[in-house]
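Note sheet for the following structure.
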Amino acid sequence: MSGTTGAAAAGYEAVIGIECHVELKTQTKMFCGCLNEFGGEPNTKVCPVCLGLPGALPVPNLRAIEHMIRSGLAFEAAIPAFSKFDRKNYFYPDMPKDYQISQYDMPLTQGGVVRYWLEDGTIKECRLVRIHLEEDTGKSTHAGSGDGRIAGSAYSLVDFNRAGVPLMECVSEPDIRSAEEAVAFLEALKRTFVQLGVSDVKMEEGSLRCDANVSIRPIGAHELGTKTEIKNMNSFRSVQRAIDSEIARQVALVTSGGRVIQETRGWDEVHATTHSMRSKEEAHDYRYFPDPDLPPLEVSENTVGWLRVELPESVIRRFTRYTGEYGLNVQQATQLIDNPSLAEYFDACVALSENPAQSVNFVLGDLSRLANETGVAIYASPVVPKHVAELIALLDGKTINSKIAKDLLERMWSGGGSPKAIVEREGLAQTSDPGAVAKFVDQVLAANGDAVAQYRAGKTNVLGFLVGQVMKASGGKADPALVQTMMTQRLA
Ligand SMILES: [Zn+2]
């Protein structure tokens, strides 16, 4: 039983808010010219600015700011004319300045709403509080075994390559009600950021990290219960498991007369439980103040207007177009949307063929199989959307049957070009002429006396065999429906 189902059974509902950090894809870091690249030898992508050396001055990265505005606009957030950077003061060994440049009361984007879908196609909404911009910290690695304080390690290493990488923090309102919804919400963020090209969103490389605020309350209540914040979830699967486990823990605690304490809890993947880490710090603990090295940001209406015009169709709009207008199922729509270049290819096929059902069959069926077998992406293959549309027209017009269509796709994949030209050149058009088909049927009946006798004796399943023989005799070109009808008539 999931945490959500268990909570409902006990008369409680979960209230969940998500905070997630997403590393932005830029050439250079947020405030200096060091390369923003994952990995590499430790401490090789550093300079006085990202190491926080005295006298170094930060210069904001324009591309990162544009990424932020585009992300905000994609979720219908407001883009204030003025925003500013603040210093968030705390000590951490992987943050040499002893403060992090972040945004406090005047972030780059405010509000907004994320629309996402569940596996059954239900569309849900979660409001955003804000998306703000900050810099990432370095990375500590606790190593060796000994009596060191941290997780039994002997010493700690620190790598500043990640320090100063532009990071956006998305904070949601507590509109989420289950672990499943939380994951679907994160999937929607991920799809949008990938589509916009603002981030690679690779959880395994830490470019998306998320925390969840979880509380429970009696079903029907309006006030919020005391929340805990869960950290250390490093995959969508662990988000689901951690939230479920935390909901179950809180319900068990409250129904046995206990009380939830506001605290930060870590997720333990191995034991599938959350554990207390520390009491939660409040915003005032960080002594935010405007960064004196960075003047406020002024974003003109003109800039916002241009960025808005250039936005691609939103992910949720594409989903409703695919499932509504085109009649695709949720799985087909999701599969296409998760691969934006494939979705664009599919859209081009539909625009030319006006046949979404057949286009999706080819794109997710034979073409995807050929792509897997050859390691060549569909859009990079010699099969252009125009030729897919031609193939669909040949099928729709019954010039060819589906068997020939399959063979043609293989040949198009190896550079065969226009399917229409191949059909004309090699006389592959389907034979729908009753006289010609009748000849093949007669041949097959004459050569398969045994099968005919069996059929007449009641073994009607030999019909498939006989039809197959006719298809073979015709070189695969006979119209299968016509063969079937004719054969049944002759045998009657
Ligand atoms: Zn640097």
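The values are calculated or read from the model by the stated rules, or taken from the named source; none is laboratory data. Owing to the predicted nature of the structure, the values given are computational and were not obtained by experimental measurement. Neighbour counts run over all protein chains shown; Cβ positions are idealised from the backbone, glycine included.
When residues of the range 236-247 are filtered for being surrounded by 13 or more Cβ atoms within 10 Å (Cβ to Cβ) and under 20 Å from Ser207 (Cα atoms), how many remain?
Final tally of qualifying residues: 5.
Just the residues that are surrounded by 12 or more Cβ atoms within 10 Å (Cβ to Cβ) and of a type in the set (Gly, Ala, Ser), please, taken from the range 415-434.
Answer for the range 415-434, where residues must be surrounded by 12 or more Cβ atoms within 10 Å (Cβ to Cβ) and of a type in the set (Gly, Ala, Ser): Gly416, Gly417, Ser418, Ala421, Ala429, Ser432.
Which one of Phe160, Phe193, Phe185 is within 16 Å of the ligand (Cβ to nearest atom) and touching a residue at least 24 places away in the same chain (Cβ under 8 Å)?
Matching residue, one of Phe160, Phe193, Phe185: Phe160.
Mind checking whether some residue in the range 38-55 is within 30 Å of Val183 (Cβ to Cβ) and either touching a Pro at 6+ places or on another chain (Cβ under 9 Å) or surrounded by 13 or more Cβ atoms within 10 Å (Cβ to Cβ) (or both)?
Yes: the range 38-55 contains one or more residues that are within 30 Å of Val183 (Cβ to Cβ) and either touching a Pro at 6+ places or on another chain (Cβ under 9 Å) or surrounded by 13 or more Cβ atoms within 10 Å (Cβ to Cβ) (or both).
Can you find a residue in the range 110-124 that is closer than 26 Å to Val183 by Cα, of a type in the set (Gly, Ala, Ser), touching a Leu at 6+ places or on another chain (Cβ under 8 Å) and surrounded by 20 or more Cβ atoms within 10 Å (Cβ to Cβ)?
Yes, the conditions are met somewhere in the range 110-124.
Report, ordered by the first and then the second residue, all pairs with beta carbons closer than 6 Å, sequence separation of six or more or different chains, a first member in the range 333-354 that is in contact (Cβ under 8 Å) with a residue 24 or more places away in the chain, and a second member that is buried (at least 18 other Cβ atoms within 10 Å of the Cβ) and hydroxyl-bearing (Ser, Thr, Tyr).
Between residues of the range 333-354 that are in contact (Cβ under 8 Å) with a residue 24 or more places away in the chain and residues that are buried (at least 18 other Cβ atoms within 10 Å of the Cβ) and hydroxyl-bearing (Ser, Thr, Tyr), the close pairs are Cys349/Ser359; Val350/Ser359; Ser353/Ser359.
Hey, can you tell me all the residues within the range 25-40 that are over 18 Å from Lys97 (Cα atoms), within 16 Å of the ligand (Cβ to nearest atom), modelled with pLDDT of 95 or more and part of a loop (DSSP other than H, G, I, E, B)?
Thr26, Gln27, Asn36
Could you tell me whether the range 83-104 includes any residue that is of a type in the set (Ser, Thr, Tyr), under 22 Å from Val309 (Cβ atoms) and outside any loop (DSSP other than H, G, I, E, B)?
Yes - at least one qualifying residue is present in the range 83-104.
Any idea which of Ala371, Ala405 is out of contact with any strand residue (DSSP E or B) (no Cβ under 8 Å at 6 or more places or on another chain), farther than 25 Å from Val467 by Cα and in a helix (DSSP H, G or I)?
Ala371
Within the range 199-247, count every residue that is within 20 Å of Thr274 (Cα to Cα), part of a loop (DSSP other than H, G, I, E, B) and touching a helix residue (DSSP H, G or I) at 6+ places or on another chain (Cβ under 7 Å).
Qualifying residue count, the range 199-247: 2.
Being within 23 Å of the chain's Cα centre (by Cα), part of a loop (DSSP other than H, G, I, E, B) and in the same structural domain as Gly55 (by TED's automatic domain parsing), is that true of even one residue in the range 7-24?
yes
Kindly provide the set of residues from the range 41-59 that are out of contact with any strand residue (DSSP E or B) (no Cβ under 7 Å at 6 or more places or on another chain) and within 13 Å of the ligand (Cβ to nearest atom), ordered by number.
Result: Thr44, Val46, Cys47, Pro48, Val49, Cys50, Leu51, Gly52, Leu53, Ala56, Leu57, Val59.
Go through the range 44-77 and report how many residues are modelled with pLDDT of 95 or more, farther than 30 Å from Pro312 by Cβ and either outside the structural domain of Pro93 (by TED's automatic domain parsing) or not hydrophobic (A, V, I, L, M, F, W, C) (or both).
Residues flagged as modelled with pLDDT of 95 or more, farther than 30 Å from Pro312 by Cβ and either outside the structural domain of Pro93 (by TED's automatic domain parsing) or not hydrophobic (A, V, I, L, M, F, W, C) (or both) within the range 44-77 amount to 4.
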